[in-house]
Amino acid sequence: MKNAAGNTNRPANVTPFLGMALVALLAHLVSTELHESLHWLVGRLAGLPAHFLSFTSVGVTPAIAATASASALAWMNGVAPVATMLLGLLALAAVPALRPKAPVAVADFVAWWAIIGVPYIGLQLMTAALPINLRGNGSDSAAVLGGYFGLSLVPRIAISLAGLVIYMASGFWLGAAVSQRNSTARSRLTLSEHLRGLAAWRLVAASALGLLLIGMTLRYIVLLAHGNGRGPFPLILEMPVWAAILALLVRWRSPGARDIRDHWIFPGLLAGAVLIAIGSLDNGDDFLFEGAILVFPLIATAWIQKTSHEPGSHSQA
């Protein structure tokens, strides 16, 4: 299908590389600052002197947190994450309707909002077992579930593990956000069809990383069960391992996966590098972390783009 510029080498309605990287960066910055502004606004409405602790953190002083009501702190910590989750899901639902009629950059901005917001659901739940910090500069889910509702560590560990599963699955749900064509429905490959024909070294490496992933999860449970929830957060370290497993299993030469790589993952990597640079200048740990993981879910999205109608469905790639 030929686009407006007469270029048949890329899908229609795709923002150019640098433009897409800029859209991804803006979407992330707007999403983050809206999230933090909600923390500030709700905290103020709840009677707390909330203020920006950094570009990526809003809260109160330790002295205020020690004397404030539990409900006020729960509102300040809890509303923004729920809003971010809902906006991510709404963005995902809105993209297919926007694609045919909205400007390309607008549709891509909303798509990136979904790419950021949907995995955030799992990411936020993953932090439920972290130490409870009520002043606003820690895990929001730990503050609300543990600090306000009083959930003990064991159920919060279960919630964090459920969050890991949701995060891992989130990339499989983003197909509607990244779809560039309004073609008829395409049949998906089964798991065995996905794996058939892959190089043996890929399967061996992915299997080894899968065993590592299981070991890391068990270690995480043991550490938290013994009260060692501080320091590096082991569950977070599983995300790059999961991404590496999927990267080994994706046939990157297939048209669908190649489209995701060229038009979403590569620009996302550039946007992530800029976020990391911003975070390093501002001591913004959230920007450093989020920049590093921005495109991880899209690897799963690339994996599901392989269909039985594409050439070479059963060939090694």
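Selection within region 255-307: residues that are hydroxyl-bearing (Ser, Thr, Tyr) and surrounded by fewer than 23 Cβ atoms within 10 Å (Cβ to Cβ). The member of this set that is farthest from GLY171 (Cα to Cα) is SER280.
Looking across region 239-259, the residues that are touching a Lys or Arg at 6+ places or on another chain (Cβ under 9 Å) and not in a helix (DSSP H, G or I) come down to VAL250, ARG251, TRP252, SER254.
Of the residues making up region 127-158, those that are in contact with an Asp or Glu (Cβ under 9 Å, 6 or more places away or on another chain) and either farther than 19 Å from MET168 by Cα or not hydroxyl-bearing (Ser, Thr, Tyr) (or both) number 0. What residue, among those in region 134-167 that are among the polar types (S, T, N, Q) and under 30 Å from TRP264 (Cα atoms), is modelled with the lowest pLDDT? Only one residue fits best here, namely SER139. The listed residues are ALA5, ALA24, ALA83, and the only one of them that is small (Gly, Ala, Ser), modelled with pLDDT of 90 or more and either touching a Pro at 6+ places or on another chain (Cβ under 8 Å) or part of a loop (DSSP other than H, G, I, E, B) (or both) turns out to be ALA24. Set side by side, the residues GLY122, GLY146 differ, and just one is buried (at least 21 other Cβ atoms within 10 Å of the Cβ), in contact (Cβ under 8 Å) with a residue 12 or more places away in the chain and either charged (D, E, K, R) or touching a Gly at 6+ places or on another chain (Cβ under 9 Å) (or both), which is GLY122. Under the condition of being charged (D, E, K, R) and over 22 Å from THR67 (Cα atoms), the residues counted in region 129-160 number 1.
May I ask you to list the residues in region 100-131 that are over 17 Å from ILE236 (Cα atoms) and of a type in the set (Val, Ile, Thr)? If the condition is that a residue be over 17 Å from ILE236 (Cα atoms) and of a type in the set (Val, Ile, Thr), then VAL104, VAL106, VAL110, ILE115 are the ones that fit. Selection within region 71-108: residues that are of a type in the set (Gly, Ala, Ser), more than 22 Å from the chain's Cα centre (by Cα) and surrounded by 14 or more Cβ atoms within 10 Å (Cβ to Cβ). The member of this set that is nearest to THR15 (Cα to Cα) is ALA102. Looking across region 260-288, the residues that are part of a helix (DSSP H, G or I) and at pLDDT below 90 come down to ILE278, GLY279, SER280, LEU281, ASP282, ASP285, ASP286, PHE287, LEU288. Taking the conditions exactly as written (more than 18 Å from PHE289 (Cβ to Cβ), under 24 Å from the mean Cα position of the chain (by Cα) and at pLDDT 95 or above), does ALA111 satisfy them or not? Yes, satisfied.
The test for being at pLDDT 90 or above and either within 15 Å of LEU153 (Cβ to Cβ) or surrounded by 11 or more Cβ atoms within 10 Å (Cβ to Cβ) (or both) does not hold for PRO234. Among the conditions (1) modelled with pLDDT under 80; (2) surrounded by 15 or more Cβ atoms within 10 Å (Cβ to Cβ); (3) among the polar types (S, T, N, Q), SER170 misses just one, which is (1).
The values are calculated or read from the model by the stated rules, or taken from the named source; none is laboratory data. Because the structure is predicted, anything quoted here is derived from the model rather than measured. With ideal geometry, Cβ positions are generated from the backbone for all residues, glycine too; neighbour counts draw on all protein chains shown.
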